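Taking it in order: structure first as structure tokens, then the write-up.
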Amino acid sequence: MCAFGPFADDVTVDFDALAEDGLFLLHGQTGAGKTTILDAVAFALFGRVPGARHDAKRLHSDHASAQQVPEVELEATISGRRLRIVRSPEYHRPKKRGTGTTKVQAKATLDWIDGSGVPLTRLPEIGEVIASLLGMSAEQFFQVVLLPQGDFSRFLRAANEDREALLQRLFDTERFGDVEEWLRDHARAGNAALDEKEATLGRIAAQVAALAETETPVEPDMDWAQGCLDAARESHEREVLRLSSVRAELERAQDTYDRGTSLMRDRQRGLAARSKIDQLEAASAELHRAETDLAAARRAAPVVPLMVDHRDALEALERSLARCAGSESALFALPEAVALHGCTDGELEGAADTWAAESVRLEPLARRVDERPTIVADIAAVEREIATATARVDDIDAALTAMPARKAGAIDALGAARDQRAQLEMLRGRVEKVETVDLALGQREELTQTIERAERRLHDAREAHNDARSHLLDLRERRLTGMAAELASQLVDGEPCVVCGSSLHPAPTTASPEARVSDVDERAASEIEQRAADDVAATRSSLGTYLERRANLDSIIGGASREGIAAERADAAARLATAERVAGSIDDLQREVDDLDAQAQRLTAERGEQQSARASASTRLDALRAELTSLDDEVAQATGGRVSVAARREELAEVCRATTSVRDDRAEVIRSRERLERTARRLAEACADAGLVDEEAVRAAMATPEQMEIWESSLRRAHGLRSEAQATLDDDDVRAALAAEPVDVDALAAAVDNARQRHDTAAGAEAVAGRRVSGLADHVAQYWEALSAIEPVRAKQLELRELAELVSGRGQNARRMTLRSYVLAARLEEVLVAASVRLRQMSAGRYEFAHTDAGGPRGRRGGLGIEVRDEYTGATRAATTLSGGETFFASLALALGLADVVSAESGGRVLDTMFIDEGFGTLDPESLDLVMGVLDELRSGGRVVGVVSHVDELRARIPSQLQVLRGEAGSSVKVRTLAASG
């Protein structure tokens, strides 16, 4: 180790050399670092040191420089495997730049010196490997291998709770704690579920009480709930009877009110009719004037349309005269009609016929001229058709020229695809071979791990067989010794020996009870040895099978590697995929060759068709051009070249239209004069028939339809009101109402309102009572259901709660022991049995341990008490009554017993080495002899014991010594070996 604790420089301790005698001493001055050496062993194995020293996190030596790395290196054999561990704790070093420090993380490495594994660098993995090899945790190791200063004297005197904490760290009782926790959780969950059901039952009871308008009893039951329901039903029946009574009262009051209101309505109708008649009498003069004006307006009404017709006829004559003058001016302004100015209707009609005849003669030529754009368009279309055919022939010629090269390329591609198809089987075989080798590589890796496990099993089986064989040989040797002793026990003084015949027996052989071995013991040991040998043979056979399988896989793999085979597999797969893709295109390539042949045939045929079409189009083009030339010549001849045929026809059409307009306008003037004369005669006749002198009298009597409608409406309304009022007065009910006294309708309405309020109140009370009965029926049913369901839950929860309290050390648990404490108490009994063997030896047979499960004061839990039985007095007393020396060897015996039990608990691993730290100074010489005797016994049993002490007498008793020297620059060590005393 280096820069660790008080050791600044490199310090090496060879425990193998110190342990040659099986017992060695670590001594030195107080504070020199004796315990630090044990801390270094613990830190190398577990990355931590025992007790509070680990919490301080000050493992870097204060004597070393801040840059020096603290490090511990341990080389040890654990469970038959030789390893080396190098650990460095977390520490702070100065920063390379600037001030302050930088934290350096802890690190470790584990190397297998015997080559039995791969090196490790991860802290969790190293911790798992060490715990697996030792078969115990760090806490267990600190307690049973490094017997620490004062810990077991404290353990001996500790209270139950403190002793339980240590035992829990040493023995795995987590599953029993899980049982306790499981029961507590389920009891807690059950309590919650039961509380919820109780709360539900309470809520239902509260709802029943609320509906019944009563208080909830302290302990409600089904009889109380049913009583609430029965009372509600009786109350509802009373409300039903009350509602029936007030409903009859309401019906009587409503009938009286209806009769009174009917009488008052009839009386009001009669009074209103009298008032209407009086109003009509007051307005009779105005109504008479309206009737007279309406009669005059009705006589003038038929004359008004005739007056309008006469005015319209006059206006129409004026308009026709104006139009006729305009049309004549437009006609005579045209060049063709200048000579007709002042002509008669006959002359005008003759000129119009001449112009129409000329227009008819030009009509066929005009139709042909209209077709000229079509002829021009046809010429352009035929020219485009000829150009298209020529271009297509050129394209076909180019395609036919390139066709041989395209066909040759397609034929070459088809041949290459057929070659690839021929290689498919070879490529598939290559892929299968590569996959086989890849699979073999994976199987070989798994098989190699299996072989390593089989080799370890064979090694363990051989060791077990050697141990069994050694035990068998030892039993046989002890039996032979026992046989001589058995024969010696049969000797009788004066009688001859059955072996030698002598009658003298000077020194007969004796044997201790331990040396006696029976035939049954020997046969049992022989069977164990044979089973171990069979296990070795079976393991060796399995290993041979695995090796043979690996050799077969090696023959398949050859020299291939995982990386090489992966690359080869990828290359083979790529080649196969390419070949399959190319081979899959053979049919497409063959179709391409066939399509090229067919395409050449189609193009050749199309070329002939295009040439024929071009020749036909040229013929049609010549004919169209000749037709266009003929048409243009004929138009020039017909029009003299002055205007076009269409323009000449438009001139003729315009003069004909103007002539027609003049003729039509002259005829319209004649018709307008005739109409004016007719309307004047009808107007004079109508005025005479209506009794009106002239148009002025008609205008005075005229009225608008709206005004006439107003007069008629007023007269109809007045007549209707008078008839309606008289009919009302003639009604028998109205006459009776007018003759009767008035009725107080408000009083009758108030009586109805009072009766309705009483009815509504009774109806509301009945509805509330009905809803209360319905609600109570539902809630009482729910209460019965909830009450029936909660009883089994209560019983089950009571049982679960009592069981949870029992395993938690409460309730009916008189010992106040938890389940975990009960299991730990059993482990403690085993420890005390093993420790008592050592304690009796160290105390010369005076003391042995006794277990007590009595509870502590003030109800504290029990189960883990330790007492000491004094064989001198026969009394059992507390461990706290022992003297200092007695406390030391009692604590040592307890530690050794605990080490034996923990060793058995951790899979029966033998703890070859243990360290005992201090305590020997409290022993007198006789007690020291007894303790040393126990240590010698441990040494003779194959264990190595390291004693850490500064007691001078131990230096004389233990030859192999490691002295720790304290110095200003840090501590150092020195090995001393004394000559063994006689």
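Backbone amide hydrogens, once placed in the peptide plane, bring residue 850 within less than 5 Å of 867, 868, 869, excluding anything fewer than 5 places away on its chain.
Backbone geometry of segment 102-109 corresponds, through the Karplus equation with coefficients 6.51, -1.76 and 1.60 at θ = phi - 60°, to 3J(HN,Hα) couplings of 10, 7, 9, 6, 5, 8, 7, 9 Hz, x marking Gly and Pro. Here each label is just a point 7 Å from Cα along the line to Cβ, and for residue 837 and residue 567 those points are 6.6 nm apart. Neighbour counts of C-beta atoms inside 10 Å place 222, 842 in the sequence 222, 842, starting with the fewest.
A straight line joining the Cα centroids of segment 159-216 and segment 781-803 runs 14 Å. Of all DSSP beta bridges confined to the chain, the antiparallel ones make up roughly 70%. In this label model, residue 538 and residue 700 are separated by 15.3 nm, measuring between points 7 Å along each Cα→Cβ vector. Relative contact order, percent, of the chain when contacts are C-alpha pairs under 8 Å separated by at least 6 residues? Dividing the mean separation by the residue count of the chain yields 27 percent. When the trypsin sites (Lys or Arg not before Pro) in segment 62-139 are filtered for DSSP coil states and for at most 14 other beta-carbon atoms within 10 Å of their beta-carbon, the remaining sites are 95, 96, 97, 122. A straight Cα-to-Cα reach below 19 Å connects residue 796 with the lysines 197, residues fewer than 8 places away in its own chain not being considered. Spacing of the modelled spin labels on residue 299 and residue 77, each 7 Å from Cα toward Cβ, amounts to 16.1 nm. In straight Cα distance, which aspartates and glutamates are under 13 Å from residue 276, not counting same-chain residues fewer than 8 positions off? Filter leaves 724. Mind giving me the FRET efficiency for residue 603 and residue 383? R0 is 35 Å, r the Cβ-Cβ distance, nearest 0.05 is fine. The calculated FRET efficiency here is 0.90.
Each of the GluC sites (Glu not before Pro) that DSSP puts in a loop and that has at most 14 other Cβ atoms within 10 Å breaks the chain; the longest unbroken stretch is 372-870.
Take the Cβ atoms of residue 192 and residue 746, set R0 to 60 Å, and the FRET efficiency comes out at 0.35.
What ranking do 892, 798 get, fewest neighbouring Cβ atoms within 10 angstrom at the top?
Working: 892 24, 798 12.
Starting with the residue having the fewest Cβ neighbours, the order is 798, 892.
Estimated from helical segments only, the mean residue ellipticity of the chain at 222 nm is -24500 deg cm²/dmol, where each DSSP H run of four or more residues counts as -39500 (n - 2.57).
Our note on the geometry: Cα centres of segment 310-339 and segment 378-442, 89 Å apart. With neighbour counts taken as other beta-carbon atoms within 10 Å, the residues 327, 79 rank, fewest first, as 79, 327.
So if R0 is 45 Å, what FRET efficiency would residue 254 and residue 724 give, r being the distance between their Cβ atoms, rounded to the nearest 0.05? The calculated FRET efficiency here is 0.90. Could you tell me how far the Cα centroid of segment 25-50 sits from the Cα centroid of segment 567-614, in Å? So the separation of the two Cα centres works out to 88 Å.
Bear in mind that the values in this text are calculations on the coordinates, not laboratory data. Treat the numbers as computed from the prediction; the structure is a model and nothing was measured. Heads up, the Cβs are rebuilt from the backbone with ideal geometry, glycines too, and the neighbour counts pull from every protein chain shown.
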